[in-house]
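Shown next, in structure tokens, is the structure this report addresses.
Read-outs throughout are calculated quantities, based only on the coordinates presented, and are distinct from any laboratory measurement. Please read all numbers here as calculations on a predicted model, not as lab measurements. For neighbour counting, all protein chains shown are included, and Cβ atoms are generated from backbone atoms with ideal geometry for every residue, glycine included.
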Amino acid sequence: MSQILQFFDFSRMTWNDVLDILIVAIIIYQVLVLLRGTRGAQMALGIIVVTVFYYLSRRWHLETVQWILTNLLPFFFLAIIIIFQSEIRRGLASIGKNPFWRSLTPMRFSDVYDEIALSATALSSQRIGGLIVLEREIGLKTYIESGVALNAQLSYDLLMTIFNPHTPLHDGAVIVQRNKIASAACFLPLTLDPRLSKELGTRHRAAIGITEETDAVAVVISEETGVISLAEGGQIERALDGEQLKRRLYQLFQLPLRRAPARPPASEPAAATEKSRVQS
């Protein structure tokens with residue numbers, strides 16, 4: 001009890017102690033934020049339970065339990081690195097970000113998000129599946145190299161052509177860098193989250209998986225239902241319409257929302273032309 005009172009004796013605390021406590025608090029907070037909503041949260045809870053159990057075994061002189069835990073601890077730390085490799089990689093990547101540089105060079109390609117929202121709406125109406133990944137601060141070079149390099153200006157027509165079921169590039173993901181389509185037919189990591197609905201297929205699991213590994217944003221169009229979804233930070237938002245999708249993209253890329261460029265009215269000839277473009 002006296003040790004606890006000495007610990008909370010603020011009269012002897014210096015500025016170095018305050019700084020020390022503040023840094024530790026920030027680190028703990030960032031770790032909790034990093035683990036929140038991931039499978040690592042349950043694993044972290046299990047680690048805490050094992051640590052408390054080890055402390056109690058020493059206090060209560062449980063020699064056999066203490067011997068087992070003591071011999072397992074060296075392997076235990078190695079297991080932590082393996083289990084939390086995705087969270088550790090994501091955390092180190094977030095540390096490497098430079099918010100000052102990002103604020104000086106915001107993405108201003110608002111037309112890109114308009115085109116993506118328009119394409120997603122058209123794909124949804126035609127029940128054509130699609131997966132579009134937008135790169136942010138963390139590079140996606142590894143995943144870009146797994147597909148077919150394009151390095152082409154992003155446009156509605158090009159997206160509709162890529163995801164046409166009769167073209168060889170329709171399977172896999174399109175990766176967008178700034179205002180260009182870097183690659184198509186890319187392979188992405190699938191999420192291992194067991195809590196996901198069974199209704200979510202490979203496209204949705206790949207969209208969630210890439211946003212767990214990186215800070216990318218993924219737009220998914222379901223081939224079965226035509227539902228438009230958006231994944232970010234390992235979470236997925238479903239049942240978005242074109243306007244909602246555009247608004248979310250503008251928010252995520254920190255752009256002021258503006259009106260979409262004027263397009264021809266939905267008359268019969270224009271509708272027929274759009275349909276022929278989708279099916280061509």
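Evaluating 6.51 cos²θ - 1.76 cosθ + 1.60 at θ = phi - 60° for every residue in region 177-186, the Karplus couplings come out as 10, 6, 10, 10, 8, 6, 7, 10, 6, 8 Hz, glycine and proline recorded as x. Estimated from the Cβ-Cβ distance and a Förster radius of 30 angstrom, the FRET efficiency linking residue 27 and residue 199 is about 0.20.
When a footprinting reagent is the concern and you count Cβ atoms within 10 Å, what order do 13, 43 take, fewest first?
Starting with the residue having the fewest Cβ neighbours, the order is 13, 43.
Using the Cβ-Cβ distance between residue 166 and residue 254 with R0 set to 51 Å, the FRET efficiency from 1/(1 + (r/R0)^6) comes to roughly 0.85.
In order along region 48-54, the Karplus-derived 3J(HN,Hα) couplings, from 6.51 cos²θ - 1.76 cosθ + 1.60 at θ = phi - 60°, round to 4, 4, 4, 4, 5, 5, 5 Hz, and Gly and Pro are given as x. Under 5 Å from the amide H of residue 180 lie the amide H atoms of 154, each residue being 5 or more positions distant or on a separate chain, with H modelled from the backbone and absent for Pro and chain starts. Between residue 146 and 187, the built amide H atoms are under 5 Å apart, and every one of these is 5 or more places off in sequence or on another chain. Taking a Cβ cut-off of under 10 Å around residue 228, the surrounding Lys, Arg, Asp and Glu residues balance to a net charge of -1, with basic ones at +1 and acidic ones at -1.
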